[in-house]
Amino acid sequence: MQAFEKLGVFYLGKKVDVKKKEVTDDYLLYDSKDLTTHAVCVGMTGSGKTGLCISLLEEAAIDNIPSLIIDPKGDLGNLLLTFPDLKKEDFQPWINLDEANKKGLSAEEYAQKQADLWKNGLAGWGQGGDRIKRLRESTDLTIYTPGSNAGIPVSIIKSFDAPDKDMLEDVDLLRERIQTTASSLLELLGMKVDPLQSREHILLANIIEHSWLSGKNLGLGQLIELIQNPPIDKIGFFDLESFYPSSDRLKLAMTLNNLLAAPGFKTWLEGEPLDIKEMLYTDGGKPRTTIFSIAHLSDAERMFFVTLLLNQLLGWMRGQSGTTSLRALLYMDEVFGFLPPIGEPPSKRPMLTLLKQARAFGIGVVLATQNPVDLDYKGLSNTGTWFIGRLQTEKDKERLADGLTGTGGELSKKEIMNIISNLGKRQFLIQNVHESQPEVFNTRWAMSYLRGPLTRNQIKTLMKGREVKADTPKDKPAAQMAVPGSSEASAKGKPTLPREYREHFAPQTERSGGGEIVYHPYLVAGGDVQIINNRYKIAQSGQAAHMLAVDENAGGLTWDLSQAMNYKPSVLGSDPLDSAGYLDVSNDIKKSKIYNSLDKQYESFVYRDYQLKLWKSRTYKLVSLPDESERDFRIRIGDAARERRDLEMDRLRRQYARKIDTVERQLLTAQQRVAKEEDQYSNKKMDMAISIGTTVLGALFGSKRRSYASTARKVSGLSREKQDISRAEQKLAQVEERLRDLEAELQERLDEISLKYDPAQEDLEEVIVRPKKSDIMQRWYGILWVPFEHNDGMTPKALNSLIGE
C-alpha cells in the first residue's frame, strides 16, 4: 500500500522546495477533519485550480465522505470520467475533437495519446488503475440537472414544505429561511427586491411564515391561491387591503402563474426530490458524490436553485448530532456572485450561516474562485484553509498576503508575496490554521479525465439508464395483488352471525369502475405491544393488528396465514352500503367454539410473530434504533468510526509529541555541538597557519627550536579537534536516526488506527428483540367487512389502505 493510502488524510500532491524550486518526494497529506473549518481555493484561469479541487473531491470519495457539488461551469462532471483500464477506447468518446484536428491527429490517435498521457501522469504520482477502481467502488456518482432532463432532473416540490420542529423552534434560523425562500422566488420572477422595502417580499414572507408555523406544507399552486386570498388580515399595523390591494395581489399571482405555466418550468417539478439525506447516501448506505450541474440555467434560476439547496442543507444539518470529524462536504465552484462582499443576494445568508455553524455538525464547505475580492470578508474569517495558486494582479497577491500574515504563520508579508509570485502551474501555497506555517506543493495528477466542461448530450450519455426516484404522488394507484378468496364467489345477502360476534365495516374508498360492491369477511384482532429491553436500551410501545380472510373459500383458519394491517379507529367505524352484496362466511367461523379459540390464540401468535429487528456493531458498540434502517445505521457507524479514529489519532499524536519534542531538543543540542566543534577547529586551524608562518620566520632568524615545538603542539591539538567534530557528527547522526525512527513509529501506529476504524469492513449482527407475553394486551376482536368492487378481481383501495400497500 502506498504511504498516502490512509483513511483520514487526503493525498493532494508533493511538497516543493521553494529555494531550489524543485518538487520533493515528501507527500502533501491533508488531514480530512481540518476541512470542518472550511477551505477556499483561489487561482486564475490556468493555475490548476480545477485539477486540485477535483483531486480533493476524489480523496473525499475514497475516504467515504459524501459530497454535494454545485457546478456552475460544467467542469465537475469530469469526476465521472474515470477509466481503470486506461484504454484509448475509454477516452475516445470524451476527447476534444477540435484539439485533435489542431494537432493533425485522428480521433483514435489523439485518444491513444490522451490514454498514454494519463497512464504515465498517474504513474508519476504513485497512482494507477487500481486506485481509479477503488475510487469508483467507494462512491455513487450522479449528475443532477435542475430545470433540465439532460441529467437526473430535480423536483423542487418539497422545497417549500414546512421545516422540522428543530428549525421551527430556532427563531433566527427560521426567519432567515423564510426571507431567503421569498427572495429567491422573487428573483426567479425577475424581481431584485429589498426585503425591508418590497411589499411583494413582505407579503410572501408572511404567507410562508403563517403556513409553516401552522404545520402546513406549501406548493407553488397553493402559494398562488394564498397570494390572492392570504390567511392573514393585517400586515404590521395596516389591514391587508391598505398594504397590498387585491388587484395588485392578482398581478403578482398572475406573474407566478405564468412562470408555472411556461413549458420549460415543468421540468422543475419532475425528477428526484431535493432531499439532502437521499443526495448524500444511497439506499444501501453507500456515500454519494452528487453533482448539481447548473451551467444551463439563467443567473436568476441559478440563484433560485442554489438558495433552495443551501436552505435544505441547513435544515438537514440541524437534525444531525454534533461531531468533530468530517461528515460531508459542500463544494461550490466559481462562487462569484453568490457570496459577494457587497449586496445581499438570497444565497448569501444561508452560505454565511453554513460557514459559521456547519463546523459543529462536521460539514465542510469548500469554495473556489478566481479572485479573492469575490468573497464576503465575514465568510473568509470563518475559513481555516487557503489554497492559493497563481494570481493575475499584484493587488490580489498583496490582499492575500495581508490576510495570511494575520493568521499567526512564521512567514512575513514580503516572503509570502515572493512565494505567490513565483508559483508555477499546478503549484499552490496552502495556509492551514491547524499547521504551524504555510507549505508550497505541486498538485498530484487527477484520476478523473479533465476534458473540460461537459455538454448536455454528454451528461445525458453519462446518466443514461440511471433510475430516477421521482417524487411520490399523494394518490398512489392500488397495488396489484391477488385477493384472498375468489371474486368469482357468488354475492348474497348479509350472512347471519351469532349476536355476540362484533361486526365492523371498512370505509369505501374511491371506485375505479361501475362493478358491483361486494363485502368480503375478515377476522381481525389487535392491541398494544410493549418492548422493554434494558440491554439494548429500548422502551417502545406499538400496536399489533392482523386480518385473516374467512370467506367460504378461505384456506386454513390460523393466524399464521393472516396479514398485518394498519389500524386506525376509523377502519372499524364505517356504515355498510345499502346496495352491496356479501360473500358468505366460512362455516367453521360460524361456530362459536372456533371463533372463541382464535380469539384466545391471538396473543400467543403476536408473541411468536411480533419482533423488532435491530443491527449491532461490536467494534463501535452501537445498536440500531427501533425505526432505524440498516442503511441509516451504517451511516451512523461511519460517523462514529471517523470520530473514534480522529480521537485516537489525536491522543497518539499528543503522546508522541512529548517524545518527539525531547528528541528535537537533543537534535538542537547536537547541532549546536557540531557547530561549536567546527568553529573551534576553524579557529585552531587559523592559529596553526599563523604558527607555521612564525616557525618559518624563526628558522630564518634563529629561533627555530622553539617555533618547531609550538607548531608541533598545535598540529596535535588540531587533530584532536577534528576527532571532536567526528564524534559530534556521529552523535548528531544518532539523534537524527532516533527522530526518524520515532516519526516512522508514529506513522505506523497512525496507519494501524486508520485501518482499524474502516466502517466498510464492519460486519453487522442481526439482533431480534421480542416482547414478553405480559407486555401484549389485546384490545379488540371481531369480523371486518371489506368492500370490493367486483370488476377485475384485484385488491381494492380499501384493502390496500388496511394492509399498508
Exercise. Of all residues in region 97-116, how many are open to solvent by 50 Å² or more (accessible area, probe 1.4 Å) and within 32 Å of the chain's Cα centre (by Cα)?
Worked result: 0
Exercise. Can you spot a residue in region 545-554 that is in contact with a strand residue (DSSP E or B) (Cβ under 8 Å, 6 or more places away or on another chain), more than 15 Å from Y610 (Cβ to Cβ) and open to solvent by 40 Å² or more (accessible area, probe 1.4 Å)?
Worked result: yes
Seminar exercise, completed: The number of residues in region 356-409 that are at pLDDT 90 or above and open to solvent by less than 10 Å² (accessible area, probe 1.4 Å) is 14
For this session: Would you check if there is a residue in region 151-160 being within 20 Å of L450 (Cα to Cα) and not acidic (D, E)?
Result: yes
Problem set entry | Residue ranges of strands (runs of 3 or more DSSP E) in region 327-439 with at least 2 members among the polar types (S, T, N, Q) and within 30 Å of R288 (Cα to Cα) | 427-432
For this session: Considering each of Y567, Y595 in turn, give the residue that is surrounded by 13 or more Cβ atoms within 10 Å (Cβ to Cβ), more than 25 Å from the chain's Cα centre (by Cα) and either in contact (Cβ under 8 Å) with a residue 60 or more places away in the chain or in a strand (DSSP E or B) (or both).
Result: Y595
Seminar exercise, completed: Looking across region 230-278 at residues that are among the hydroxyl-bearing types (S, T, Y) and modelled with pLDDT of 90 or more, the single one that is surrounded by the fewest Cβ atoms within 10 Å (Cβ to Cβ) is S247
Exercise. Picking from Q357, Q312, which residue would you name as being polar (S, T, N, Q) and within 26 Å of L188 (Cβ to Cβ)?
Worked result: Q312
For this session: Give just the number: which of (1) at pLDDT below 95; (2) open to solvent by less than 10 Å² (accessible area, probe 1.4 Å) does I143 not satisfy?
Result: (1)
Problem set entry | Among (1) assigned to a helix (DSSP H, G or I); (2) within 20 Å of T180 (Cα to Cα), the one test that N257 misses | (2)
Exercise. Can you spot a residue in region 309-321 that is out of contact with any helix residue (DSSP H, G or I) (no Cβ under 8 Å at 6 or more places or on another chain), crowded, with 22+ Cβ neighbours inside 10 Å and not in a loop (DSSP other than H, G, I, E, B)?
Worked result: yes
Problem set entry | Near pairs, Cβ below 8 angstrom, 6+ apart or cross-chain, from region 104-116 (touching a residue at least 12 places away in the same chain (Cβ under 8 Å)) to any residue that is of a type in the set (D, E) and in a helix (DSSP H, G or I) | Y110/E99; A111/E89; A115/D90
Seminar exercise, completed: Checking P521, P498 in turn, the sole residue that is exposed (fewer than 15 other Cβ atoms within 10 Å of the Cβ), over 48 Å from the mean Cα position of the chain (by Cα) and modelled with pLDDT of 85 or more turns out to be P498
Exercise. Just one of D627, D661, D646, D632 is modelled with pLDDT under 90, exposed (fewer than 14 other Cβ atoms within 10 Å of the Cβ), at negative phi and within 24 Å of the chain's Cα centre (by Cα); which is it?
Worked result: D627
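Residue-wise test of (1) without any contact (Cβ under 8 Å) to a residue 12 or more places away in the chain; (2) within 28 Å of E648 (Cβ to Cβ); (3) in a helix (DSSP H, G or I).
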site	(1), (2), (3)
E729	no, no, yes
E737	yes, yes, yes
E743	no, yes, yes
E748	yes, yes, yes
I753	no, yes, yes
Exercise. Does region 127-136 contain any residue that is buried (at least 19 other Cβ atoms within 10 Å of the Cβ), under 30 Å from L308 (Cβ atoms) and of a type outside the set (F, W, Y)?
Worked result: yes
For this session: Quick one: Q655 ticks every box in (1) within 30 Å of D63 (Cβ to Cβ); (2) in contact (Cβ under 8 Å) with a residue 60 or more places away in the chain; (3) part of a helix (DSSP H, G or I) except a single one, so which number is it?
Result: (2)
Exercise. Does S412 satisfy the criteria of being among the small types (G, A, S), under 30 Å from D639 (Cβ atoms) and open to solvent by 20 Å² or more (accessible area, probe 1.4 Å)?
Worked result: no
Seminar exercise, completed: So, first residue over 15 Å from L250 (Cα atoms) and open to solvent by 40 Å² or more (accessible area, probe 1.4 Å) in region 189-212, second residue charged (D, E, K, R) and modelled with pLDDT under 95, Cβ within less than 8 Å, six or more apart or across chains; the pairs are M191/E200; V193/E200
For this session: State whether the residues of region 78-99 include one that is modelled with pLDDT of 95 or more and at positive phi.
Result: yes
Exercise. Conditions: (1) modelled with pLDDT of 90 or more; (2) closer than 15 Å to G315 by Cα; (3) open to solvent by 40 Å² or more (accessible area, probe 1.4 Å). K165 meets all but one. Number of the miss?
Worked result: (1)
Exercise. Quick check: is even one residue across region 378-393 more than 32 Å from the chain's Cα centre (by Cα), of a type outside the set (K, R) and closer than 28 Å to M351 by Cα?
Worked result: yes
Exercise. If you take the residues in region 37-58 that are open to solvent by 10 Å² or more (accessible area, probe 1.4 Å) and in a loop (DSSP other than H, G, I, E, B), which one is nearest to S325 (Cα to Cα)?
Worked result: G48
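The values are calculated or read from the model by the stated rules, or taken from the named source; none is laboratory data. Predicted, not measured: the structure shown is a model, and the values here were computed from it. Glycine also receives a Cβ, built like all others from the backbone with ideal geometry; neighbour counts cover every protein chain displayed. Ligands, DNA and RNA are stripped out before the accessible areas are found, and what is left, the full protein with its side chains, is counted by its heavy atoms. Shrake-Rupley method; radii C 1.70, N 1.55, O 1.52, S 1.80 Å.
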